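Below: one structure, written as structure tokens.
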Amino acid sequence: MSAMFPLIVEGAMTRRGGKVLVGPVDLRLEAEGITMVIGPNGAGKTSLLRLLHGIARISAGRVTWACDEGEARRRQAFVFQTPVMLRRSVRDNLAYPLRLTGVDRVTARAQAEVWAEKVGLGDALTRPATALSGGERQKLALGRALIRAPDVLFLDEPCASLDGRAMRDVEAILRSAAEAGTRLVMSTHDMGQARRLASEVVFLLGGKIHDRGPADTFFDSPNTAQARAFLRGDIVE
Ligand SMILES: Nc1ncnc2c1ncn2[C@@H]1O[C@H](COP(=O)(O)OP(=O)(O)OP(=O)(O)O)[C@@H](O)[C@H]1O
């Protein structure tokens, strides 16, 4: 089991220009599962993921991993909604995170080939990453994040603009990553996707955690009127 967990978040908050983006948040994440962060537009999903990942400046409270900070940083990865690619081949993009950590070129390239296969880009190794379709880019971004076997992977709406087939592929990659021991924390607008993937749900509203629980319980009997309304598809503020 990962030495990073539990992650303990106490009264954590991020602000930008006096406005609270998210918080105060109290949260404890254990080592296993897939947490889906849901909520209406502007509820703070992206801000929460950035806060947990340590790329947002914390204005109050604490985010504490069970291991030291440097190690926590090395063991986590983040996939953005619109991934930025190196203007190089698929193979080089995949090998890059390994090269950064000192893995030799031959080993990094061999690993890149293994991961290209795993994410369904085995035939695209030599193609320029910038020429990939949206779905292929997102698979590449996943491969690049997973190639270092992170203990935790944050994903911000990774399927936002994907067609059904690409989404199915991405979800399969995510499921096998979770089975292989990577803890996933992911935001989505898509309640079908949340139901398919979640083992637990964090429902955000107005920058705060409004409801939270195991996926079955949350979807079958949400605790609050707002969560019920949101799941019905009503506009919730
Ligand atoms: N850089 C910023 N400066 C000022 N306000 C911001 C900034 N980034 C986000 N916000 C505001 O903070 C709040 C939370 O935004 P955030 O992007 O975290 O929500 P979200 O739930 O991910 O939204 P969406 O579903 O639309 O992606 C929103 O009101 C948003 O307008």
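The values are calculated or read from the model by the stated rules, or taken from the named source; none is laboratory data. Please read these numbers as outputs of a predicted model, since none were measured by experiment. When we count neighbours, we look across all protein chains shown, and the Cβ atoms used for this are built from the backbone with ideal geometry, even at glycine.
Tabulated data for the structure shown
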read-out: Given (1) within 17 Å of the chain's Cα centre (by Cα); (2) closer than 22 Å to residue 173 by Cα; (3) away from the ligand (no atom under 16 Å from the Cβ), index of the condition residue 72 fails; value: (2)
read-out: Condition met for residue 77 (surrounded by fewer than 19 Cβ atoms within 10 Å (Cβ to Cβ), modelled with pLDDT of 95 or more, more than 16 Å from the ligand (Cβ to nearest atom) and hydrophobic (A, V, I, L, M, F, W, C)); value: no
read-out: Scan of segment 10-23 for residues that are farther than 16 Å from residue 203 by Cβ, part of a strand (DSSP E or B) and either under 17 Å from the mean Cα position of the chain (by Cα) or within 15 Å of the ligand (Cβ to nearest atom) (or both), ordered by number; value: 12, 13, 14, 15, 16, 19, 20, 21
read-out: Unique match (being within 21 Å of residue 158 (Cα to Cα) and modelled with pLDDT under 95) among 134, 122; value: 134
read-out: Enumeration of residues in segment 154-166 that are surrounded by fewer than 24 Cβ atoms within 10 Å (Cβ to Cβ) and either modelled with pLDDT of 95 or more or part of a strand (DSSP E or B) (or both); value: 156, 157
read-out: Residue in segment 45-61 that is out of contact with any Asp or Glu (no Cβ under 9 Å at 6 or more places or on another chain), more than 25 Å from residue 211 (Cα to Cα) and assigned to a helix (DSSP H, G or I) present; value: no
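Residues checked against (1) of a type outside the set (Gly, Ala, Ser); (2) touching a residue at least 24 places away in the same chain (Cβ under 8 Å):
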position	(1), (2)
63	yes, yes
68	yes, no
75	yes, yes
112	no, yes
121	yes, yes
124	no, yes
137	yes, yes
